[in-house]
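Participant: Before I ask anything, here is the structure I am working with.
The values are calculated or read from the model by the stated rules, or taken from the named source; none is laboratory data. A quick note: this is a predicted structure, and the numbers were derived from the prediction, not measured. With ideal geometry, Cβ positions are generated from the backbone for all residues, glycine too; neighbour counts draw on all protein chains shown. Ligands, DNA and RNA are excluded from the accessible area calculation, which covers all protein heavy atoms including side chains. Shrake-Rupley method; radii C 1.70, N 1.55, O 1.52, S 1.80 Å.
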Amino acid sequence: DASNKIVGVVGVAQDVTEASKNEKGVAAIANELRQLVETANAPIFGIDVDGNVNEWNNKTAQITGFTKDEAMSLPLVETFIVPKLKISVKEVMDNALRGVETSNYELEFRTKSNEIRYLLVNATTRRDPQNNV
């Protein structure tokens, strides 16, 4: 009022029903895709720009004997690739990080019990929503 006494509250609102529905839909799709990766019948693993493991699905864990928790953040090439292939696998991974993808590349993965598993790999670049690697 005129004497600066509070006499009520004014609320300003915006109807965000549609945006909320869209957000929930996107979250559901993201969850489905995450589940697809985790339960795929093929090994799926990924690295960050520093070469450290940031993706390790259930099949990769089954094949290697390393759980996701054990593998996450470890340097992929130095930890899991046999010595004779470390340089060439690092090159394939570095190329993928630069956007140059490789298909049907055979590598030898070291398991937790020091066995060798031969994997045929497609090294594909993964990008964020801003198109950064």
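Participant: Go through the range 118-133 and give me each residue that's open to solvent by less than 60 Å² (accessible area, probe 1.4 Å) and within 13 Å of V89 (Cα to Cα).
Facilitator: Within the range 118-133, L119, V121, A123 meet the criteria.
Participant: Right, something else. Can you name the residue in the range 65-88 that is aliphatic (A, V, I, L, M) and exposed (fewer than 15 other Cβ atoms within 10 Å of the Cβ) and is also nearest to the chain's Cα centre (by Cα) among such residues?
Facilitator: Out of the qualifying residues, it is M72.
Participant: Something else now. Under 28 Å from N131 (Cβ atoms) and either buried (at least 16 other Cβ atoms within 10 Å of the Cβ) or among the basic types (K, R) (or both): which single residue out of A28, A96 fits that description?
Facilitator: So the residue among A28, A96 that is under 28 Å from N131 (Cβ atoms) and either buried (at least 16 other Cβ atoms within 10 Å of the Cβ) or among the basic types (K, R) (or both) is A96.
Participant: Search the range 31-56 for residues being of a type in the set (A, V, I, L, M) and either open to solvent by less than 60 Å² (accessible area, probe 1.4 Å) or within 18 Å of T111 (Cα to Cα) (or both), and hand back the single one that is modelled with the lowest pLDDT.
Facilitator: Among those that are of a type in the set (A, V, I, L, M) and either open to solvent by less than 60 Å² (accessible area, probe 1.4 Å) or within 18 Å of T111 (Cα to Cα) (or both), it is V37.
Participant: Another question, then. What's the number of the only condition in (1) open to solvent by 40 Å² or more (accessible area, probe 1.4 Å); (2) of a type in the set (S, T, N, Q); (3) under 15 Å from the mean Cα position of the chain (by Cα) that T60 fails to meet?
Facilitator: (1)
Participant: Which of the numbered conditions does S3 fail, given that it passes all the others? Conditions: (1) free of Cβ contacts under 8 Å to residues at least 40 places away in the same chain; (2) under 26 Å from R98 (Cβ atoms); (3) out of contact with any Pro (no Cβ under 6 Å at 6 or more places or on another chain).
Facilitator: It is condition (2) that S3 fails.
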